[in-house]
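Notes to accompany the following structure.
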Amino acid sequence: MKKVIRFLLTTALVSSLFSGQAFADDTARIKQLEAQLQKAMKLIEAQSEQVSFMQEEIKAIKSVEEDNVSALQLDIAAVKAARIRPSAGPASNAELEERVADVEEMVFDLDDKVGSETIANAFDASNLDIGGFFNTAYTYVDGESGSAHGWNRQNFELLIRADLNEQWSAFFAGGFLREGNVSFNDDGDATLNEVGERREPEFSINAGVPGGTGNPQIIAWVNYKHDDAFNLKLGRMITPHGIINIEHFPATLLDQEQPLFLRPFSGQTMFPNFTTGGQAHGRFFFGDNTLSYNTYIASSQGAIEEEIYGGRLAYEFGDLGATVGINAATGSRTEGADGDYDLVGADLLIDKGHILWKSEVFATDEENAAGRLGFYTQPAWRFNDKWVGFYRYDFLDDGANAVTAIPDNAGNVTEHMIGLNYLPIPSVRMRLTGTRREYDSTGVIGDAEANIFQFSTTYSF
Amino acid sequence: MIMINFRNILALTLLVCATFAFVAPAFAGGFAIVVNTANSTSAEDVNSEIRNLYLKKQTAWSNGIDAVPLAREADSPEHEAFLAGILEMSQGDLDGHWASEKSKTGATGPREVGSKSILLRQIGRKEGAFGVVSEADAASLPEGVKILKTF
C-alpha cells in the first residue's frame, strides 16, 4: 500500500513540476492573444468608424439622389400638367403661336394706319377718330303741271372726334354739300312769287341758302364730362329736341328727307335744327331704365344776338324698348322784334325686336304769326339685319298762308311715305321711297298733289 | 276626329318641349363676364349696367370706376352669346347703334380683342375693364381677373 501511495505521491510531484512549466507557457500565450485581440479590436473600431463614415456618405448620397428624383418628378408633373392644361402652367406652344399671330396682326394693322406711307399725329389728343359719310340721291317728282328728275343730293360730311382725356372731348362735323330741294312754281301766276306754289316741280340749288351748296360747319363742340349725370357742352350743336333731329345724320335714317317740320336742312321751321351756345346734359340709371336730360342756352344761326332757352327730358323703359320725351323752348327766331316764340313737344320711340316706331309732335306759339303745328308717326319693321320697311304719316301747318311773304310757304302739307331700306353691309344703306304729298287749299290757291320717288344711298365710314 | 285626352296632351307637351330644346341657343350657360379683381360691382342685376357700359351710354361703373369695355370678334361664339344674352340685340341693331353714335358724338364701339389671353391680361391690368369669355376659359383665370357673372 505504501508502495502505491509513494507511487502516487511521486507521480503527483512530477506532474506538478511539469504542470508549472505549462502554466507559464499559457500565460505568455494568453498575453499574446490579448495583444492580438486588442489589435483586432482596434482594427474593428477603425473599420467600424469607416463603416459609419461610409454609411453617412451613403445616406448623404441617397438624400441627394432622392432630392434629384423628387425634382425630376416635379418637372415631369409640371410638363404633364402643361400638356394637359396649357393655361395652368407655362404658355404652351399653341398659345404662344396664337399670341404671336395676334401681335403680328396688330403690327400689320398699325403699319397700315401709321406705317411708312401714312403717318398721322394727333397734336394733343389722347385719341383721335376720323370718319364720315357720303350721301347721294336721285329724285323723280311728278307734279300737277309737269315733272322733274335728277341727282339732287351729293353730300360728303367729315366727322372728327378728339379726346384730350377722360373728361374733355371735342367733336366736329363739316359738310361739303350740293343739295337741290324740291320746289315748285306755278307758271303764269305772277302773284304767287314762289309763295304757295305747288304745281310745277323743279330743283333749286342756290349757294348760301339752306339746301344749297357749300361747306358749312355743321357741328363743332367741346364737351366736359364731370360724370355721367353732368356734362357741359359748348359750341355749335344739334338742338336736342325730338328723335330724328337728334339722330339727324342720314347714315342711320330710314329716309333722308327728314319730316316736314325739320325741313329745310339747317332751317328753323319749328325750332332751329342747330344752335350755338352751351348745353348741360346727363343721364341717370335705374336698373333697366334711364332718365336723361338736356338743357341749353343758345342762339340760332339767323339770330345770333337773340337767345333761346330750351330742354328735353326723356325716360327710357329698357324692358319695353320705349322712350318717352317731352320738350320745351322759348326764344326768338329773328334779331329784333316780332320773332319770339314758345315751343312745346313730345316724342315716343319704340325700339324693340322687329319694331322701330318713331312719333313726334311739336307746336309753337308765335309772337307775330299764327302758331305752327307739326307731327308725324313712322312705324317700321325690321325684317332682318338687311331689310327694313316703313311708312310715315307726316303733317305740317307752318302757320302762314299763301298770301304771306314767307318763302317756301305752302300752307298745310300732308305726306304719306312708304319706303324700303337695304343694307348690303352695315356701313351702306340703300333706300327706295315713294311719297304722296298733298297741299291743302289755302283759300287763295287750290289744293294740289305731287308724287315723289327717290333712290338714295349713304356710305359711311 | 282627334281625341283630346291626357295621352294626347302629354304627347303634345313633350313635342313642344323637344322643339324648344332643339331651338334653344347653344351658348346658354356657357359664358362669363370677367372683370378686374379690384372691381367691387355686385353680380346682382348687373345686366343693364353691362349693357349701358358696353354701348357707352354709361361711362363709369356704379362704384365710380371708369369703364373699359372690350369686345370679342364679331363672328366669335362669345360675341354672339353676349349679343343675345346681355345686350339682347341683333348684330344689325348693334351696327345701327354705333353708326348713330358715331354721327351724333363721334363715339365708336369697344376695342375688339381676338385673343382671350390678351383680353384677360388687359382686364388684369385695367380696373374698369371687362369682357366675355367662355366658361372653359374662365376656369383658369390669370391673377387680377375674376368672374362677375355667368350666363
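No value in this document is a laboratory result; all are computed from the given coordinates. Predicted, not measured: the structure shown is a model, and the values here were computed from it. Don't worry about glycine lacking a Cβ; one is built from the backbone with ideal geometry, like all the others, and counts go over all protein chains shown.
Working note: Karplus 6.51/-1.76/1.60 with θ = phi - 60° gives the stretch B:52-64 the couplings 5, 5, 5, 7, 6, 6, 10, 10, 9, 5, 4, 8, x Hz, where Gly and Pro are set to x. Treating cross-link reach as a plain straight distance, find the aspartates and glutamates whose alpha-carbon is under 20 Å from the alpha-carbon of residue A:42, omitting any fewer than eight places away in the same chain. Within reach: A:34.
Packing-based ranking of B:130-136, B:62-68 yields B:130-136, B:62-68, ordered from highest to lowest mean Cβ neighbour count within 10 Å. Placing a pseudo-label 7 Å from each Cα along the Cα-to-Cβ vector at residue A:348 and residue A:317 gives an inter-label distance of 1.0 nm. Arranged from fewest to most other beta-carbon atoms within 10 Å of their beta carbon, A:166, A:247, A:316 become A:166, A:247, A:316.
Per-residue Karplus couplings for the stretch B:72-79, computed as 6.51 cos²θ - 1.76 cosθ + 1.60 with θ equal to phi - 60°, are listed in order as 9, 4, 4, 9, 7, x, 4, 5 Hz, Gly and Pro entered as x.
Between residue A:40 and residue A:104, full extension at 0.36 nm per residue minus the direct alpha carbon distance yields a gain of 14.9 nm. For the pair residue A:459 and residue A:29 in one chain, pulling the backbone fully straight at 0.36 nm per residue adds 142.3 nm over the alpha carbon distance. Distance between the 7 Å Cα→Cβ label points at residue B:146 and residue B:40: 1.1 nm. Between residue A:418 and residue A:306, the modelled label-to-label distance comes to 4.2 nm, taking each label 7 Å out from Cα in the direction of the beta carbon. Rounded to the nearest Hz, the phi-derived 3J(HN,Hα) couplings of the stretch B:82-97 under the Karplus curve 6.51 cos²θ - 1.76 cosθ + 1.60 (θ = phi - 60°) are 5, 4, 7, x, 10, 6, 6, 9, 8, 4, x, 4, 5, 4, x, 4, where x marks glycine and proline.
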